[in-house]
Amino acid sequence: MIELKNICYDAKDGNSKEILKDISLTFNENKITVITGPNGSGKSTLAKILMGILKPSSGEIWYNGKNITNYTIDQRAKLGFSFGFQQPITFKGLTVKDLLDIASNKKNTLSVACEYLSKVGLCAKDYINRQIDNKLSGGELKRIEIAMVLAKNGEVNIFDEPEAGIDLWSFEQLIKIFKEQNSTSIIISHQSKIIDIADRVILLKNGKVEHIGTKEQVMPLIEQQKCKKLKESEI
Amino acid sequence: MNEITKDLLEQVANLHDIPQGAFNIRENGKALARQNTNEIEIISKKDKDGIDIVVQPNTKNKSVHIPVIVSVGGFDDLVYNDFYIGDNSDILIVAGCGIHNTTDQKSSHNGIHTFHIGKNCKVKYIEKHLGIGNNNTDKILNPITNIEVGENSVFEMDTIQLGGVSYSKRDTSAELKNNATLLITEKILTTNKDIAQTNFNVNLFGYNSKVEVVSRSVAKNKSKQSFYSNLIGKNKCFGHVECDGVISESAQITSTPKIVAKNVDAELVHEAAIGKISEEQITKLMTLGLDKESAEQKIIEGFLK
Ligand SMILES: Nc1ncnc2c1ncn2[C@@H]1O[C@H](COP(=O)(O)OP(=O)(O)OP(=O)(O)O)[C@@H](O)[C@H]1O
Ligand SMILES: [Mg+2]
């Protein structure tokens, strides 16, 4: 179980801006939580705080009864946290195979490495030795990013908008992967099909938890917002 | 052949054993071993120290290894190697030099390589440079490479300095005929107070000639590297230089681009980026479980691979 206790985050550069405001949440084992909300509401910031990429300005993070607020990224990774970036990071020289090996902390045989790639709909032999650089398309990078999370096989998997840039066919495949996972999944998404598989949906707005509930409860709120926005834009 | 020589040969020329095909192994200024084949002949020069390597036209899928070892101190090696590659050939040339110096007297190797590449050839040239032994003794390598790429030919050059070379100055110049292609990849690692200089001068004379230079350098400690490239486009041609440097501690890298277009259809690009290892890349590898130091090491390894 992960517990966020009164997490606040202020952006440090320039005039400090409150990005997350007193967020308290728990994430139960082996459940899928989808975090949704408007652009700029603080979803990625929250995910990065969970992974240790950003340090909260105040508040605590607990995992299975341990205070991990001050754990570094790699310490959390070793605890079983893993993170798929909204914008995948590119390298110069490191290959798909290299990163899969790092993620799973062993030299993968080609057939094992290929399994991870096929799961995300990539033909393994075309990609396994490719460098993870900007020559890969956005969708390809995104899928490789997900394959790395799978290879890490962690207890807590955090995905930041995993569906972005992924084509329809692979999207179905992706949903299947999320459903099959035997881990605590925290998925940031705007996609109703991903929200559909959530055990619980969190709606974030202006750095605050606006609502927590089942998709049946939260979906109407999202629809409402859409309508409100439409009306506003008509004026 | 003693263990040190064997080890160096393995590191600079990937030689585990006596190679297949033609070869010439030079140690401390003398030929240690040589082998010719039907298609490839290695002839000692009469007027100066060095060899001519003559590859017959239509030689396909063959290799020549010409590694050099300097395993003593106080020795300045100077050698001229001229390659004549006949038309329609497809060959691999592995050169490279390893200096092993445990004394307190500097040693150096100056290899002057000239390539005359015929028409319709495909040549891959690999040279690795490495210095080991006493850290405080200078190990100097100054390779000079002159390349003439013939019509419709492709010359691919991988030049790698693996570390331990206290001073190096590599001068590479090339002339490209019609439809000739030159692909250069350079990887240099410097540490301590090493100094490495690179100069590329490429003349794109030929119609549709093309050059791609990729330079990746890592400078650590107090080492200094400088990269200078000069592409001259005199015809419809394409040239691209990409220079990426990673620095740490008090190291320094200078990248100086020069591109000269003398024809409206010459398309020349120089890209350069120098900086410390990207924080984002470190973060990414840390999310996969590596600590900061291991992450940095992996990134550098990949970068120079
Ligand atoms: N370093 C920073 N300095 C200033 N503002 C920042 C900084 N980092 C993030 N922000 C701001 O914080 C807010 C939340 O950003 P965040 O990336 O968490 O949003 P998000 O909900 O993930 O949005 P999206 O749906 O567009 O991905 C945004 O308004 C963003 O501009
Ligand atoms: Mg985001």
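Rule-based calculations on the coordinates, nothing more; no lab input. Keep in mind that what you see is a predicted model, and the values were worked out from it rather than measured. Backbone-built Cβ (ideal geometry, glycine too); neighbour counts: all protein chains shown.
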- Message: Please list 3J(HN,Hα) in residue order for region B:197-204, calculated via the Karplus relation 6.51 cos²θ - 1.76 cosθ + 1.60 where θ = phi - 60°; whole Hz, with x for glycine and proline.
- Response: 10, 10, 10, 10, 10, 10, 9, 9
- Once you put a point 7 Å from the Cα of residue B:276 and another 7 Å from the Cα of residue A:180, both along the Cβ direction, what distance in nm separates them? 4.2
- Assuming 0.890 mPa s and 25 °C, estimate D for chain A with Stokes-Einstein, Rh taken as the Kirkwood radius over Cα pairs, in µm²/s. 132
- Straight-line reach check, residue A:125, cutoff 12 Å on alpha carbons, 8 or more apart in-chain or any other chain, hits among aspartates and glutamates -> A:115
- Item | Sorted by Cβ density within 10 Å, fewest first, the residues B:82, B:104 | B:104, B:82
- Message: Let me check against my output: what whole-number percent is the relative contact order of region B:99-197, with C-alpha pairs under 8 Å and at least 6 apart?
- Response: 29
- Task: Please give the calculated 222 nm ellipticity per residue for chain B, where each DSSP H segment of at least 4 residues contributes -39500 (n - 2.57) and the sum is spread over every residue; nearest 500 deg cm²/dmol?
- Result: -3500 deg cm²/dmol
- Message: How far apart, in nanometres, would the label points at residue A:28 and residue A:208 be if each is projected 7 angstrom from Cα along the Cα-to-Cβ direction?
- Response: 2.7
- Using a Gaussian network model of chain B whose springs link C-alpha atoms within less than 10 Å, name the residue from B:162, B:32, B:130 with the highest mean-square fluctuation. B:32
- Task: For region B:213-305, run through the GluC sites (Glu not before Pro) and keep only the ones in DSSP coil with at most 16 other Cβ atoms within 10 Å of their Cβ.
- Result: B:249
- Between region B:136-199 and region A:68-131, the alpha-carbon center distance in angstrom: 34
- Relative to the compact-globule estimate 2.2 N^0.38 Å (N residues), the Cα gyration radius of region B:139-180 stands at a ratio of 1.47
- Message: Please compute, for the alpha-carbon atoms of region A:46-163, the extent along each of the three principal axes and give them in descending order in Å.
- Response: 45, 26, 24
- If each of residue B:263 and residue B:199 carries a label point 7 Å out from its Cα toward its Cβ, how far apart are those two points in nm? 2.5
- Message: Run through region A:116-183 and list the trypsin sites (Lys or Arg not before Pro) located in a DSSP loop whose Cβ has at most 14 other Cβ atoms within 10 Å.
- Response: A:135
- Message: Using a 10 Å cut-off around each Cβ of peptide B:17-30, what is the average number of partner chain Cβ atoms that fall inside?
- Response: 0
- Query: To the nearest 500 deg cm²/dmol, what mean residue ellipticity at 222 nm is calculated for chain A from DSSP H runs of n ≥ 4 alone, each contributing -39,500 (n - 2.57), summed and divided by the residues?
  - Reply: -11500 deg cm²/dmol
- Report ³J(HN,Hα) in whole Hz for each residue of region B:92-99, in order, from the Karplus equation J = 6.51 cos²θ - 1.76 cosθ + 1.60 where θ = phi - 60°; Gly and Pro get x. 10, 10, 10, 10, x, 9, x, 10
- Where Rh is the Kirkwood radius over the Cα pairs of region B:3-278, the temperature 25 °C and the viscosity 0.890 mPa s, what D in µm²/s does Stokes-Einstein return? 129
- Query: Given the convex hull of the Cα atoms of the protein assembly as shown, what is a quarter of its surface area in nm²?
  - Reply: 30.8
- Item | For region B:190-278, alpha-carbon Rg and Dmax in angstrom | 14.8, 45
- Query: What residues have an amide H closer than 5 Å to that of residue B:90, excluding those fewer than 5 places away on the same chain, when H is modeled at 1.01 Å from N in the peptide plane?
  - Reply: B:59, B:60, B:61, B:62, B:122
- Message: Give me the mean projected area, in nm² to one decimal, of the convex hull enclosing the Cα positions of region B:24-84.
- Response: 4.5
- Item | Highest-first arrangement of A:164-174, B:198-208, A:51-61, where packing means the average Cβ count within 10 Å | B:198-208, A:51-61, A:164-174
- Item | Sorted by Cβ density within 10 Å, fewest first, the residues B:83, A:83 | B:83, A:83
